[in-house]
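Reviewing the structure listed below.
The values are calculated or read from the model by the stated rules, or taken from the named source; none is laboratory data. Computed from a prediction, not measured in an experiment: that's the story for all the values here. Every residue, glycine among them, receives a Cβ derived from its backbone with ideal geometry; neighbour counts consider all protein chains shown. To get the accessible areas, we keep the full protein, side chains included, count just its heavy atoms, and leave off ligands, DNA and RNA. Shrake-Rupley method; radii C 1.70, N 1.55, O 1.52, S 1.80 Å.
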2 protein chains.
Amino acid sequence: MLPDREADTVTKPAERISRRQVDKFEERRKQLADAALQTLSELGYARTSLREIAQNSDFSHGVLHYYFRDKVELITYCVRQYKAHCVLRYDGIVADAEDPDALALDFADGLAATLQEEALLHRLWYDLRSQSLFEESFRADVADIDESLERMIWRIVSRYAELSGNAPTCSSAMAYATFDGLFQQALLRHLAGSAIALDDLRAGARHLLSHVVCA
Amino acid sequence: MLPDREADTVTKPAERISRRQVDKFEERRKQLADAALQTLSELGYARTSLREIAQNSDFSHGVLHYYFRDKVELITYCVRQYKAHCVLRYDGIVADAEDPDALALDFADGLAATLQEEALLHRLWYDLRSQSLFEESFRADVADIDESLERMIWRIVSRYAELSGNAPTCSSAMAYATFDGLFQQALLRHLAGSAIALDDLRAGARHLLSHVVCA
DNA sequence: GAAGATCTTTGACGACTGTCAAGATTTTCT
DNA sequence: AGAAAATCTTGACAGTCGTCAAAGATCTTC
């Protein structure tokens, strides 16, 4: 029988057990979601099957339905986990530089670094974002990630403006749209084998940053 | 038996016939590709099957293998047909305005118009572009479309710079990346039901255009 | 160490996929 | 009109998919 997954606030002995079970349950979900994310980032959404995911894990395909109701719930869970990863990653970039040029440099390097190191994950992100336009189940979570990315970009932009004593010339949405376009195009070229894609991204990001504040 | 599809340069009677057959053959391919594009734009790449495509046409599913070797060739053909459509569409926008503000206005309106009228096709485009990162078969054709879109944008930008007596401040690649990001974000919001997405796109395009030339 | 809860594997199901071949139908040419 | 070529339909194939139930394995608890 499935264990009771209710979270308890009181801590009686029986509930400590339940808590431990819940933790273990949740751990397995994360572990399986990791395998799913790896599979997705390799094959793309269209070609990822549950059996393929299971083969990238230590378990057989049947176990996926023990930890997830169906495929949609698994992938939704993956998207959320990916988001947590993203936020963590970008919080690192959040520029504690004290002059605008250093900030721009750090930011540009940070973008280029994640593009290079996690190219497959970013490829997956754009795949899933496209997918969310067809499959409504993912839409809310994807929009959520998009918003947190927008906030991340806006933190950089407004901090940069502040350091250079100016005000941003465009909205948060527009700043995100343009930086995202830059990043996506760089990813496309990088994955197509272009050697200059990373440098172009660095240069482009600094250029764009200097143009979204008053001249 | 399959007819001979060789194109002839000389025009003997027998070859005129063959030519007519070739034309008919090519016409059917276009017709089927149309049905395929409609299906793709409705369901997305991941959920489009040959039988589904056939149901959106006047034929049965078997006929697809009479006109196309396999699914990949059909979809590649679709991508090319979509490109032809795009180029045609954007050539219309190509701004014969004589002052920069009118050009900017026409361009912004053109972007917003195609976003609204052909939202599903644009959705498909971003889906296929993501797909091309996983499926190498499409990569070349997708890159081809991307390049022609970049040229289209660059024609606008450089013409705008010329009319306003300035020079562009960024590369062609960067101009395309940012405008594409803007467009994609507008599409996301528009399809998610945002009423202001179109107006934001118009404003954003004009804003961006005025910032990619010397101040 | 036995009983029971929990976790995992296995194998099956119906539905769906791309592909193809055989035959029916239509068009074309003489 | 009749033969030949071209076109289209039908039905089947082997494979894969998500899902699920039953049984086996492992762990917990007393």
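Normalised Debye scattering of the protein assembly as shown at q = 0.09, 0.10, 0.13 Å⁻¹ gives log10 I(q)/I(0) of -0.67, -0.80, -1.20, counting only Cα atoms as equal scatterers and leaving out solvent. Simple point charges give the picture: +1 on the Cβ of Lys and Arg, -1 on the Cβ of Asp and Glu, and for the protein assembly as shown a dipole about the Cα centre of about 1220 debye. Express the carbon and sulfur contribution to the solvent-accessible surface of chain B as a percent, rounded to the nearest whole number, probe 1.4 angstrom. C and S atoms contribute 51 percent here. Along the range A:106-121 the Karplus relation, 6.51 cos²θ - 1.76 cosθ + 1.60 evaluated at θ = phi - 60°, assigns HN-Hα couplings of 4, 4, 4, 5, x, 4, 4, 5, 5, 4, 6, 6, 10, 4, 5, 5 Hz to successive residues, with x for each Gly and Pro. Here, chain B yields an orientationally averaged convex hull projection of 14.9 nm² when only Cα atoms define the hull.
Spin-label model, A:His207/B:Glu42: points 7 Å from Cα along the beta carbon direction are separated by 4.3 nm.
Distant-in-sequence amide contacts of A:Val213, defined by a placed amide H-H separation under 5 Å and a gap of 5 or more residues or a different chain, comprise A:Thr169.
Placing pseudo-labels 7 Å out from each Cα toward the beta carbon at B:Ala143 and A:Ser171 gives an inter-label distance of 3.6 nm. In summary, the aspartates and glutamates within cross-link reach of A:Lys24, defined as a Cα separation below 19 angstrom excluding same-chain residues under 8 places away, comprise A:Asp4, A:Glu6, A:Asp8, A:Glu15, A:Asp34, A:Asp58, A:Glu73.
I want to verify a result. In a Gaussian network model of chain B, Cα cutoff 10 Å, which of these has the top mean-square fluctuation: B:Val72, B:Val157, B:Val142? For chain B, modelled as a Gaussian network with Cα springs under 10 Å, the answer is B:Val72. Using a Gaussian network model of chain B in which every pair of alpha carbons under 10 angstrom is joined by a spring, one finds that among B:Leu191, B:Leu40, B:Leu88 the greatest mean-square fluctuation is at B:Leu88. Sparse packing (at most 15 other Cβ atoms within 10 Å of the Cβ) combined with a DSSP loop state is found for the following GluC sites (Glu not before Pro) in the range A:88-197: A:Glu98.
Chains A and B: what accessible area do they bury, summed, in square angstrom to the nearest 100, with a 1.4 Å probe? Counting protein atoms only, the buried area is about 3300 Å². Mind checking which of B:Ala36, B:Ala46, B:Ala54 has the largest fluctuation in a GNM of chain B, springs on alpha carbons under 10 Å? Per the Cα network of chain B with a 10 Å cutoff, B:Ala46 tops the list. Give the calculated FRET efficiency between A:Val63 and A:Ala84 to the nearest 0.05, with a Förster radius of 35 Å applied to their Cβ-Cβ distance. Here the calculated transfer efficiency is 0.95.
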